[in-house]
Amino acid sequence: TRRVPVRRGPVRRGAAVVAGVAWAALTAEFAAARIRPGPATVSEIVRMAVTSAVIPPAAVAHRVRGTFRHRDAAVWRPRPVVLFDRDDTLIRDVPYNGDPEKVEPVPGARAALDRLRGEGLAVGVVTNQSGVARGTLTEDDVRRVNRRVEELLGRFDVWEVCPHGADDGCGCRKPAPGMVERAARRLGVAPSDCVLIGDIGADVAAARA
């Protein structure tokens, strides 16, 4: 048998021409998109045209370098979140309490929270405070009580308070899921990354919702 050499030169040159044309077209499109908003001087147009040719390969090189440098990095996952009801879960329930001096932690609450924090979990509070809607509390009263809770139990990563009454039709008052969804959004996680701990059926229903 006789071997016939394959001439790869023309094929490679053709592929290079196609790649070059594609690169030039994409670069021109990129430059046009940057220049179009204008107005721009001639020197600015030249500068944007030159940098439009430089930016893509520089960005690719940066991406490749970063991928290689961090090739052993683990996949990032958001840290889980534990959300608590406030009254009768973290502190003793004093109906419509606006007095920080009456705040009394539930036994074991501080130890449980510190354990969660020590494991790297975020902790937050989602609490119905319909006393605001009833006029027996002000929002400032609620804030002062919440500050006292943090003094006794440590800092929370997020607070969500619903000041509405049962007949207001809001989407945040438990058993609606609004506060859970807002807390998750503020912490950069999905609601499914949250655990909700409470003492009544409304807390369970909010978690299910």
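The values are calculated or read from the model by the stated rules, or taken from the named source; none is laboratory data. The structure displayed is predicted, hence computed values, not measured ones. Glycine gets a Cβ as well: all are built from the backbone with ideal geometry, and neighbour counts include every protein chain shown. Areas reflect the complete protein model, heavy atoms only, side chains present, ligands, DNA and RNA absent. Shrake-Rupley method; radii C 1.70, N 1.55, O 1.52, S 1.80 Å.
Of the whole protein surface, Val180 contributes about 20 Å² of accessible area at a 1.4 Å probe radius.
Think of the chain as a dipole: +1 on every Lys or Arg Cβ, -1 on every Asp or Glu Cβ, centred on the Cα centre; then among Val125, His62, Ala205, His62 lies furthest on the positive end. Surface composition of the range 21-126: carbon plus sulfur atoms hold 63% of the accessible area, using a 1.4 angstrom probe and ignoring ligands, DNA and RNA. Summing Cβ point charges (Lys, Arg +1; Asp, Glu -1) relative to the Cα centre of the chain gives a dipole of roughly 2640 debye. Three semi-axes describe the equivalent ellipsoid of the range 10-70; taken as square roots of 5 times the Cα gyration tensor eigenvalues and ordered largest first, they are 26, 20, 8 Å. Rounded to whole Å, give me the distance from the Cα center of the range 63-128 to that of the range 138-157. Their Cα centres are 14 Å away from one another. When the charge dipole of the chain is built from unit charges on Cβ atoms (+1 for Lys and Arg, -1 for Asp and Glu) and taken about the Cα centre, the candidate among Trp159, Met179, Cys194 whose Cα reaches farthest toward its positive end is Cys194.
What number, in percent, do you get for the relative contact order of the chain if the mean sequence gap of Cα pairs under 8 Å and at least 6 apart is divided by its residue count?
19 percent
For the range 54-209, the solvent-accessible area with a 1.4 angstrom probe is 59 square angstrom per residue. Accessible surface comparison of Ile91, Ile200, probe 1.4 Å, protein chains only, largest first: the order is Ile200, Ile91. For a paramagnetic label modelled on Ile55 (point 7 Å from Cα along Cα→Cβ), amide N atoms under 14 Å away belong, within the range 21-41, to 26-38.
In plain terms, the chain from Arg79 to Ile197 could stretch by 40.8 nm, reckoned as 0.36 nm per residue minus the Cα-Cα distance. Convex hull volume of the C-alpha atoms in the range 81-208, normalised per residue: 94 Å³.
Just to verify a number: FRET efficiency for Glu29 and His62, C-beta to C-beta distance, R0 = 22 Å, to 0.05?
With R0 = 22 Å, the Cβ-Cβ based efficiency is 0.55.
With N as its number of residues, the range 36-86 has a Cα radius of gyration that, divided by 2.2 N^0.38 Å, comes to 2.19. Over all other residues within a Cβ to Cβ distance under 11 Å of Asp93, the charged ones net out to -2, with Lys and Arg as +1 and Asp and Glu as -1.
Once both labels are modelled 7 Å past Cα along the beta-carbon direction, what's the Asp168-Val46 spacing in nm? Distance between label points: 6.4 nm.
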